[in-house]
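First the structure, in the form of structure tokens, and then the observations on it.
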Amino acid sequence: MNQSILNGPARPELIAPGKTKDDWHDFAKKLVPGGDEVLWAEAFESFLSARLHSRYIDPIAAVRDGSKWKGEGFTIVSIQCALIEFLAALRAGKNFRHENPVPPHEYKNSSGLFCDFLRKTDPFDKLFTKPQAKDFYANVRCGLLHEARTKGDWIIWASGTPAVDCQRKIVYRDSFQDLIEGYIQDYGRALLEDIPLQNAFVRKFNDLAD
């Protein structure tokens, strides 16, 4: 391998398309909780929305658009579960630490964060009770991410309603994606003036850019 590649300057880490950690730190200096809504809209679009589209939403669409009905739902729902945990952590302004998390803004076990988000946050709270959120976490989220399968009789279908049918134990992957993307847009609107959300947003992105 070319030694100039090995020994050259480190490639800057992007936290969103075209945005480095330094870009965030420079931009964050202008962000004031309760301040200019135009800046908060830019934070949402340029950093969060762009990040989510490039890393989650567009890849999910690519898998779905190329679907041959041969099990792609497992890939899609796996990504959706990872995205939900990020959205839950973003809303709370919490950061994952594998060892020695320091409360209240760090966590190690995602169960409480994930389940509370589903059962307390609109529009997911219309689908999940506390026991149902735990069932989904254990048998869909953990089943997929740890064993590459759903458990507890859960199945994945392409489309239908409700997006997650906890009674019949069906995840309708496309409807669930519509729900998630709708939540993200609602979050973006709320971010313009919700001070606790703004503080949490800054904590999360400061950690991403650490």
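The values are calculated or read from the model by the stated rules, or taken from the named source; none is laboratory data. This is a predicted model, so every value here is computed, not measured. Here the Cβ positions follow ideal geometry from the backbone for every residue, glycine too, while neighbour counts run over all protein chains shown.
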Restrict the check to segment 74-81 and report whether at least one residue is within 20 Å of Ala158 (Cβ to Cβ), in a helix (DSSP H, G or I) and at pLDDT below 95.
no
What's the number of the only condition in (1) surrounded by 13 or more Cβ atoms within 10 Å (Cβ to Cβ); (2) modelled with pLDDT of 95 or more; (3) farther than 18 Å from Asp207 by Cα that Ser67 fails to meet?
(2)
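Report, by residue number, each residue of segment 184-204 that is more than 14 Å from His105 (Cβ to Cβ) and among the aliphatic types (A, V, I, L, M).
The answer is Ile184, Ala190, Leu191, Leu192, Ile195, Leu197.
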Filtered residues of segment 21-38 (kept if surrounded by 14 or more Cβ atoms within 10 Å (Cβ to Cβ) and free of Cβ contacts under 8 Å to residues at least 40 places away in the same chain)
Asp23, Phe27
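Does Ala89 satisfy being in contact with a strand residue (DSSP E or B) (Cβ under 9 Å, 6 or more places away or on another chain) and either under 16 Å from Asp207 (Cα atoms) or in a helix (DSSP H, G or I) (or both)?
In short, yes.
Quick grid of which residues meet (1) in a loop (DSSP other than H, G, I, E, B); (2) surrounded by 14 or more Cβ atoms within 10 Å (Cβ to Cβ); (3) free of Cβ contacts under 8 Å to residues at least 12 places away in the same chain; (4) more than 17 Å from the chain's Cα centre (by Cα):
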position: Asn109; (1), (2), (3), (4): yes, no, yes, no
position: Phe128; (1), (2), (3), (4): yes, yes, no, yes
position: Gln132; (1), (2), (3), (4): no, yes, no, yes
position: Phe136; (1), (2), (3), (4): no, yes, no, no
position: Thr150; (1), (2), (3), (4): yes, yes, no, yes
position: Ile156; (1), (2), (3), (4): no, yes, no, yes
position: Gly160; (1), (2), (3), (4): yes, yes, no, yes
position: Gln167; (1), (2), (3), (4): yes, no, yes, yes
position: Val171; (1), (2), (3), (4): no, yes, no, yes
